[in-house]
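Some notes on the structure that comes next.
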Amino acid sequence: MYQTLIIIFIITFVMSSKKHKLVLCHLFYEDLAFKIVKKLESLNEENTFFLFNLGGTLHSNAPLIKTINDSLLNKIILQVPNAGRDIGAKLRLFQVAESLKINHDYTLILHDKKSPHIKDGEKWGDELLKIIEPDYLNQIFSTFEQQKNVGIVCSSNYIQNEYSKDTKSFLCTSNNIIKSVLHTYHIKTSNYDFVAGNIFWVRSQLLRQFFGSKLSTDKIIASLEKGGNIVDFSKGTNVHAWERIMCWIATSQGYSIYGI
Amino acid sequence: MEYKQLFQLNISANAQTISDVQSVTSDLEARIVFKLNAGNEEELQNVLRFVFLSGNSFEFWTELDLTLFEKKISESWLNDFAGLLCDMNYTKLGNKKLVGYNASHPHAIKIISQIQAFLETQGFANILYIPMQEEIIIDDIYIQKINSGVEDSAYQRMLNTIRNTSYPLQLYFDLTDLKNGPQNIRVISESLSNRLSQAAVDKDMLSRVYMLKKALDEQNDKNKTLHSTLITNNTYIDFLKSIIYGGEEEMDGAGNYKYSEMIKIKRFYHYEYEILPLWYKRFGHILKVLTGKRTFRSLFNDNVQKYK
C-alpha cells in the first residue's frame, strides 16, 4: 500500500517537474516586492519563466532589479503603463509571453497584495501567497495532474462567491458591470466562485483558449480604468469586475477551483 | 566616455542588422534605434525576441517606417509593439518614450494617429511621436542626424541650439549611410567632444542643466505615484466618513453631526445594552439558558454551539 503511494507520488513529482510554468507577477510595494521575489526562488528552475511588471516607482529601484536578475534564471522585467492596476498588468504580461511563444502548462498569477485600507490586509496577502511556498507546490501540481477537472488552485480561505440565485445578481458594487461583461462576451458559468485577491495557479490552456477565442487581452485592457485611484468602495469598476471574471475563465470552460 | 555628459549617440538597426549593431552600440555606449516597418509582424517578432530573450541588456527606441503600410495595421502588430514599449530599457526622455516615424509619408499623420489611439487605450499616454528629419527639436529634445563629419557652421548651430534645450543632444547615426561605420562614429564623437570641451563654461553649465533636468524628471515620476496614492487614500477616508455620517458631514440644528443609520443602530446598542453593569449582562446570559435560548455548555466554552 505504502509502496504504491510512494510510486504515485514520485511519478506525479517527476511529471509535474517536467511541466513548464509561467509566472506573471505585478509588483508595486517596495517592502513586499523583495519578499515575493525571495519566495519565488522556490519555483526557480529551467522549466519556469518569470515575467515581472514593476509598477509605481519600482522601475527605478536598482537593488530590486538586481535581486530579480541575480536570483532567477529565466526572467523578463517590464514596466507596463498604469492601466487597470494589477489586472491590466497581468493581462499585458500574458500577452507578451504569448507573443514570445513561451512554452507553459501552468500559469501563476500573482501580485504584492497589501490592501493598506483594510485591517489585516497584509495577512490576506500572506495567506494568498502560500501557493508559492515549497510545502504546497507538490500538492498543487499533483492536484492538477490527478484531478483533470481542476482549473485553478488557490488558497482555500479566499474562495468567495457573491452570486445570489434569488436575485440573480452579485452582492458587490460591480454587479452591473459584471453582468454587462458576461452578457457582451457570452461568458456562461454556473459556478461563480472566485479568488478574492486574484492570486492563483491556472492551467495555461484555459487562458489561451479564452483569450484566443472569446476576446483579446487588449480589448479588456482598453476597458479597464486608467491611473491609480481605482477603488470599488461605493461604485463598481471594470477592474473589480475582471478581478472576479478572471476565475470564471476556468469555470466557464467546465473547470473548478480547488482550495489548499 | 566623457562626451556622454553632453550628447548621446543613437545608432539605427533593423531586424537583420541587430546583432552587428548591438556590438557597436555596446562599445560606444550608444542607444539602438530599431527601424521597424509598421505592420510587419514577422520583423517585429524577431526584434521582440532579440530584445527580451537574447540575454543582452541595451537601451533602445524605435523609428517606424510607414512605406509598407497598406490599409490598417493589425491588432497583433499593435499588441507586439505595445509589448516592446514595456521593456525596461526603452528610451525615455522627460518621462516620455520616443517613437520616431518618417514624416514624408503622405498618410503619416493618419497612421501615427491610429497607432497612438490604440496605445492610449492600453494606457500608453506618455509617448513622444517624433517626425524624423535631419534636425529635430521637439519637447525640449534636440535630435541631429549625422551623415558624415560635422562642419564648423553645423557645430556652431548645434552649440547654439543645445544652450536652449534641457536634455543632452541626441546624435543619430545610420550605419548603412556611413563609410567605415563604427570608426567614423567614434571619430566624429571625439572631435565634437573636444570642441565642446574647449568651450569650458558651456560644457560645465550644460552638464549641470542636464543632470538637474534628469533629477527633476525622476522626482516628477515619483510625485505622480505619490499623488495617485494620496487620491486613493482620500477616497477611502471619504468612504469611511460616508459610513459614519451617511454622506456629507452635516450638522443638525443643535450643532451635532448627523449620523448614518448604521451608526445610529450602533449607538442605540451601546446606550441600551453595552453600558449596563457586567453582573447584569451575565445574569441575562443565565436567563437565556434557563429560557432555552442558549446552550448551557456555551457559558463555559467558546467553541461549542452557542444558540439553539
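The values are calculated or read from the model by the stated rules, or taken from the named source; none is laboratory data. These numbers come from a predicted model, not from an experiment. Virtual Cβ from ideal backbone geometry, glycine too; neighbours counted across all protein chains shown.
Can you name every residue in the stretch A:223-242 that is basic (Lys, Arg) and either within 23 Å of residue B:79 (Cβ to Cβ) or more than 14 Å from every other protein chain (Cβ to nearest Cβ) (or both)?
A:226, the sole residue that qualifies.
Take the stretch B:116-154 and flag every residue that is under 26 Å from residue B:175 (Cβ atoms) and not in a strand (DSSP E or B).
Answer for the stretch B:116-154, where residues must be under 26 Å from residue B:175 (Cβ atoms) and not in a strand (DSSP E or B): B:133, B:134, B:147, B:148, B:149, B:150, B:151, B:152, B:153, B:154.
Just to check your reading of the model, which residue among A:140, A:152, A:159, A:178 is touching a residue at least 40 places away in the same chain (Cβ under 8 Å), farther than 30 Å from residue A:40 by Cβ and touching a strand residue (DSSP E or B) at 6+ places or on another chain (Cβ under 7 Å)?
After ruling out the rest, the residue left standing is A:178.
Hey, could you check the stretch B:221-242 for residues that are facing chain A (nearest Cβ under 8 Å) and among the hydrophobic types (A, V, I, L, M, F, W, C) and say which is farthest from residue A:233 (Cα to Cα)?
It comes out as B:231.
In the stretch A:48-68, what count of residues is obtained for those that are modelled with pLDDT under 95 and polar (S, T, N, Q)?
Residues that pass the stated criteria total 3.
If we scan the stretch A:194-206, do we find a residue that is assigned to a helix (DSSP H, G or I), at pLDDT 95 or above, of a type in the set (A, V, I, L, M) and under 30 Å from residue B:50 (Cα atoms)?
Yes - at least one qualifying residue is present in the stretch A:194-206.
Please go through the stretch A:162-175 and give me each residue that is in contact with a Phe, Trp or Tyr (Cβ under 6 Å, 6 or more places away or on another chain) and in contact (Cβ under 8 Å) with a residue 40 or more places away in the chain, ordered by number.
The answer is A:162, A:170.
Checking the conditions here, which among A:245, A:220, A:249 is within 14 Å of chain B (Cβ to nearest Cβ), within 23 Å of residue A:80 (Cβ to Cβ) and either of a type in the set (Val, Ile, Thr) or outside any loop (DSSP other than H, G, I, E, B) (or both)?
Only one candidate passes the filter, namely A:220.
Could you list, ordered by first residue, the pairs with Cβ atoms under 6 Å in which the first is in the stretch B:139-162 and in the same structural domain as residue B:11 (by TED's automatic domain parsing) and the second is part of a loop (DSSP other than H, G, I, E, B) and surrounded by 17 or more Cβ atoms within 10 Å (Cβ to Cβ), at least 6 apart or interchain?
If the second residue must be part of a loop (DSSP other than H, G, I, E, B) and surrounded by 17 or more Cβ atoms within 10 Å (Cβ to Cβ), the pairs left are B:140/B:165; B:140/B:166; B:141/B:167; B:142/B:165.
If you scan the stretch A:195-206, which residues turn out to be in contact with a strand residue (DSSP E or B) (Cβ under 6 Å, 6 or more places away or on another chain) and not basic (Lys, Arg)?
Result: A:195, A:196, A:199, A:200, A:201, A:202, A:204, A:206.
Got a number for residues in the stretch B:144-160 being surrounded by fewer than 17 Cβ atoms within 10 Å (Cβ to Cβ) and under 22 Å from residue B:91 (Cα atoms)?
0
Are any of the residues in the stretch A:47-58 within 18 Å of residue A:226 (Cα to Cα), more than 7 Å from chain B (Cβ to nearest Cβ) and in contact with a helix residue (DSSP H, G or I) (Cβ under 6 Å, 6 or more places away or on another chain)?
Taking every residue of the stretch A:47-58 in turn, at least one turns out to be within 18 Å of residue A:226 (Cα to Cα), more than 7 Å from chain B (Cβ to nearest Cβ) and in contact with a helix residue (DSSP H, G or I) (Cβ under 6 Å, 6 or more places away or on another chain).
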